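Undergrad: Below is the structure I would like to discuss, written out as C-alpha cells.
Derivation of every value follows stated rules applied to the coordinates shown; laboratory data play no part. These numbers come from a predicted model, not from an experiment. Neighbour counts are summed over all protein chains in view; Cβ atoms, including those assigned to glycine, are modelled from backbone coordinates with ideal geometry.
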Amino acid sequence: MLSNLNQKSIYLPSHKLVMSKIFKLSKCLNTQQNNPNFDKLIYLAKSFLAENKIIALPTDTVYGLAANVQSFDAIHRLYKIKGRDRGKPLAICLGDIDEIYQYCEVTIPKKLLVQLLPGPITVVFQNTAEITKFLNPRTNLIGIRIPKNEFVRRICRVSGPIALTSANHSLEGSTISVEQFRDLWPQIDGIFDGGPLNENNPKALGSTVIDFSKKGFYTILREGVLHQSTIKLIEEFGLKKSI
C-alpha cells in the first residue's frame, strides 16, 4: 500500500540515507469529502494505528504524535519518543462530540460542549472507560480533544479513539511544520504533512486545557489557543473558577 503513495528519500542530520514515510495532505485538503487520495491517506493512517505504530499528523493547533489508545506497546513508544515522564497524562482524540459520554463523566451542559468542540480546547473530566485506564494510571481524569481538523476526526471515526500528544521532545516547544520535528522522523512510522500551521497560530501554542471534573467549576491547566475568549464563554454559562 505504501508504494502507491508519495514517499521521498531525505538526508537526516546523521547523513544516513533513509526512506522517510511522508505523505502530503496539502494537495487534497480543499476537496476532502470527495478526494480518493484523501480517503487513501485516512485508511493508511488507520492501518498504521492498527499495527501499533506511531504517526505524526496536523491538528488545529500544532503537529501531534498519535498512537492506538488500546495498545500498551504503542503508548510506551509514544512516551519514549518524546522523552516524556510517564506521570504526565496523554489526551485522547475523538471524532465526534457524542462519543465523549462513552469515556468520561461530563459535567457541563452540552450547549457549552458544542461551543468548545470541535476546536483548540482539551476538556478534562473524570475517566469512566476501562479501555483507557492504563493510559494514565496515576490519575482518574482524562483529557479529550476533538480538533477542528477533518483529517484527524475522520481517522478517529474509522479507527476509534487515539492517544494524542504534541510532536516534539518533552520540555521543548511545539511544532507547526514537519521540518521542526525532523529529529524525530526516524522513530515515527508515518508522517502526514499538512503544510505549515502558522497562519492562525504563529506562536505555536497548543490547545487550552480545562479541567471540568468538579461540577460547576473550571480550572485552566494550560493556557493555549483562544484562552481568554474561552474563559469568557465558560463564565457566561455560570461556571466559576476553582480556587
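Undergrad: Hey, fewest Cβ within 10 Å first, where do 213, 242 land in order?
TA: Ordered by Cβ neighbours within 10 Å, fewest first: 242, 213.
Undergrad: Write down the percent of antiparallel bridges among all DSSP beta bridges whose residues are both part of the chain, to the nearest 5.
TA: Counting DSSP beta bridges with both partners in the chain, the antiparallel share is about 65 percent.
Undergrad: Within the chain, what's the longest run with no trypsin sites (Lys or Arg not before Pro) in a DSSP loop and at most 14 other beta-carbon atoms within 10 Å? Give the range, please.
TA: Longest gap between qualifying sites, sites excluded: 28-85.
Undergrad: Another question about this same structure. What length, rounded to one decimal in nm, is gained on full extension from residue 80 through to residue 229, with 0.36 nm per residue of separation minus their alpha-carbon distance?
TA: Result: 50.2 nm gained on full extension.
Undergrad: Explain nothing, just compute: Karplus ³J(HN,Hα) = 6.51 cos²θ - 1.76 cosθ + 1.60, θ = phi - 60°, for every residue of segment 152-167 in order, whole Hz, x for Gly and Pro.
TA: Once rounded to whole Hz, the list reads 5, 5, 6, 4, 5, 5, 8, 10, x, x, 10, 7, 9, 8, 6, 8.
Undergrad: Tell me which aspartates and glutamates have Cα within less than 20 Å of residue 215's Cα, excluding those fewer than 8 residues away on the same chain?
TA: Within reach: 98, 99, 105, 235, 236.
Undergrad: Just in segment 101-187: which chymotrypsin sites (Phe, Trp or Tyr not before Pro) are loop by DSSP and have at most 13 other Cβ atoms within 10 Å?
TA: 134
Undergrad: A further question on this structure: Figure the gain on full extension for residue 134 and residue 243 (residue separation times 0.36 nm, minus the Cα-Cα span) and round it to one decimal in nm.
TA: Roughly 36.3 nm would be gained on extension.
Undergrad: Full-extension gain between residue 50 and residue 110, please, as 0.36 nm times their residue separation minus the C-alpha to C-alpha distance.
TA: Length difference between fully extended and current span is 18.5 nm.
Undergrad: If you don't mind, another one. For a quick check: with amide H placed at 1.01 Å from N, whose amide H comes under 5 Å from residue 24's, ignoring anything fewer than 5 positions away on the same chain?
TA: Residues meeting the amide H criterion: 6, 193.
Undergrad: Right, next: Placing unit charges on C-beta atoms (Lys and Arg positive, Asp and Glu negative, everything else neutral), compute the dipole magnitude of the chain about its Cα centre in debye, rounded to 20.
TA: Numbers: 31 positive and 21 negative charges, 49 e Å.
Approximately 240 debye in magnitude.
Undergrad: Turning to a different aspect of this structure: Just flag the GluC sites (Glu not before Pro) in segment 192-243 sitting in loop per DSSP whose Cβ has no more than 11 other Cβ atoms within 10 Å.
TA: In loop regions of segment 192-243 (DSSP not H, G, I, E or B), the sparsely surrounded GluC sites (Glu not before Pro) are 199.
Undergrad: Tell me whether segment 52-201 comes out rounded, prolate or oblate; compute the Cα gyration tensor, take square roots of the eigenvalues as a ≥ b ≥ c, and use a/c under 1.5 as the rounded threshold. Present the calculation step by step, with values, prior to reporting the outcome.
TA: Values: a/c = 1.76, a/b = 1.25, b/c = 1.41.
Oblate, because a/c is 1.5 or more while a/b does not exceed b/c.
Undergrad: Continuing with the same structure: Cα-Cα over 18 Å: which of 214/241; 53/88; 82/148; 53/148?
TA: Too far apart for the 18 Å limit: 53/88; 82/148; 53/148.
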